[in-house]
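Q: Please see the structure below; I have some questions.
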Amino acid sequence: LDDKLGGRKNPPKYMMPANLSFQMRYGFQNQDTEVLDFVSLTLKKLAYGGLYDPIGGGFSRFATDAHWHIPHFEKMLYDNAQLVSLYAKAYRLDPQFLYKNTVYETLSFIEREMTDAAGGFYSSFDADSDGEEGAFYVWRKEELQQLLKDDFQAFSLVFNINDYGFWEDDKYVLIRTLSDEEAAKELNIDLSSLRNKIKTWKKLLFEAREKRNKPALDDKVLTGWSALMVSAYADAYQSF
């Protein structure tokens, strides 16, 4: 286990939600704070890292590096289903805003993009669009400056439009290192004002991103994967 960055050591890093679910249950039943702290660290790193899509919700498949930074941008139903269950259950042990927000945003993505009219769920989104991996998800600094205007500097602090968030070819992955509380303190504004700003930024970037060509959708509906997502909705209902 990687006790500094969460998850398993060495890239590529997969999220392994079944392992984390077991560890959380083990830590709770045995009152093992070391194990629970490890799970908490991992959940924070996953939700803040490049694996999570803060604009549209949902998780990519795995990180290509050890820091959860640059993802393989494919989104799989079974990952997102198990992670919704995991974050919903984690909220019952430790009711963090981050956990709840991650569940709500991910289920909004599922409802909007991956739900079949008959009630099942689609299988996955490809990583590529326009022949380039991640093209739908990454941003150029000039594009963000034009969209965000006077809020660009504050956005850059929250989502690391800097050397840390840089990927390649003037492209940035939106990635968090500061909590909402820490970012609000850095920006010298109150927490509720920052969270309102973040909502506004996400809406603005979502509308801009919707004009891009989306990755291809694998629209087959598999019973087992759909059952995982039904379970995820039930776990979220229990928690919220």
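The values are calculated or read from the model by the stated rules, or taken from the named source; none is laboratory data. Since we're looking at a predicted model, the values are computed, not measured. Cβ placement follows ideal geometry from the backbone for every residue including glycine, while neighbour counts extend to all protein chains displayed. Accessible surface areas use protein heavy atoms only, side chains included; no ligands, DNA or RNA. Shrake-Rupley method; radii C 1.70, N 1.55, O 1.52, S 1.80 Å.
Q: Within the range 122-135, work out how many residues are modelled with pLDDT of 95 or more and either in contact with a helix residue (DSSP H, G or I) (Cβ under 7 Å, 6 or more places away or on another chain) or open to solvent by 70 Å² or more (accessible area, probe 1.4 Å) (or both).
A: 3
Q: Residue 86 fails exactly one of the following numbered conditions: (1) more than 11 Å from the chain's Cα centre (by Cα); (2) in a loop (DSSP other than H, G, I, E, B); (3) crowded, with 19+ Cβ neighbours inside 10 Å. What is the number of that condition?
A: Status for residue 86: all satisfied but (2).
Q: Tally time: how many residues in the range 210-227 are open to solvent by less than 90 Å² (accessible area, probe 1.4 Å), of a type outside the set (Lys, Arg) and in a loop (DSSP other than H, G, I, E, B)?
A: Going through the range 210-227 one residue at a time, the tally reaches 4.
Q: Just checking, does the range 199-212 include any residue being more than 22 Å from residue 104 (Cβ to Cβ) and modelled with pLDDT of 95 or more?
A: Yes, the range 199-212 has at least one match.
Q: Right, next: With respect to residue 56, is the statement that it is at positive phi, open to solvent by less than 70 Å² (accessible area, probe 1.4 Å) and not in a helix (DSSP H, G or I) true?
A: No, not satisfied.
Q: Of the residues that sit in the range 5-44 and are over 30 Å from residue 136 (Cα atoms) and not in a helix (DSSP H, G or I), which one is most open to solvent (accessible area, probe 1.4 Å)?
A: So the residue we want is 31.
Q: Go through (1) over 18 Å from the mean Cα position of the chain (by Cα); (2) modelled with pLDDT under 95; (3) within 21 Å of residue 44 (Cβ to Cβ); (4) of a type outside the set (Phe, Trp, Tyr) for residue 184 and report which single condition fails.
A: (2)
Q: Return yes or no: is residue 78 open to solvent by less than 10 Å² (accessible area, probe 1.4 Å), in contact (Cβ under 8 Å) with a residue 40 or more places away in the chain and outside any loop (DSSP other than H, G, I, E, B)?
A: no
Q: On the given criteria, is residue 47 more than 13 Å from the chain's Cα centre (by Cα), buried (at least 19 other Cβ atoms within 10 Å of the Cβ) and part of a helix (DSSP H, G or I)?
A: no
Q: Collect the residues in the range 160-209 that are open to solvent by 30 Å² or more (accessible area, probe 1.4 Å), under 15 Å from residue 141 (Cα atoms), assigned to a loop (DSSP other than H, G, I, E, B) and not acidic (Asp, Glu), keeping them in residue-number order.
A: 162, 164
Q: Which one of these does residue 237 not meet: (1) closer than 30 Å to residue 18 by Cβ; (2) in contact (Cβ under 8 Å) with a residue 40 or more places away in the chain; (3) open to solvent by 20 Å² or more (accessible area, probe 1.4 Å)?
A: The number of the failed condition is (2).
Q: If you don't mind, another one. Of all the residues that make up the range 94-121, how many are surrounded by fewer than 18 Cβ atoms within 10 Å (Cβ to Cβ) and not in a helix (DSSP H, G or I)?
A: Of the residues in that region, 8 qualify.
Q: Please verify whether the range 87-96 includes one or more residues that are at pLDDT below 95 and over 24 Å from residue 224 (Cβ atoms). Spell out the reasoning first.
A: Filtering the range 87-96 for residues at pLDDT below 95 gives none.
Within the range 87-96, not a single residue is at pLDDT below 95 and over 24 Å from residue 224 (Cβ atoms).
Q: On to the next question. Could you please find all residues in the range 26-57 being in contact with a Leu (Cβ under 7 Å, 6 or more places away or on another chain), under 17 Å from residue 83 (Cα atoms) and among the small types (Gly, Ala, Ser)?
A: The one that is in contact with a Leu (Cβ under 7 Å, 6 or more places away or on another chain), under 17 Å from residue 83 (Cα atoms) and among the small types (Gly, Ala, Ser): 47.
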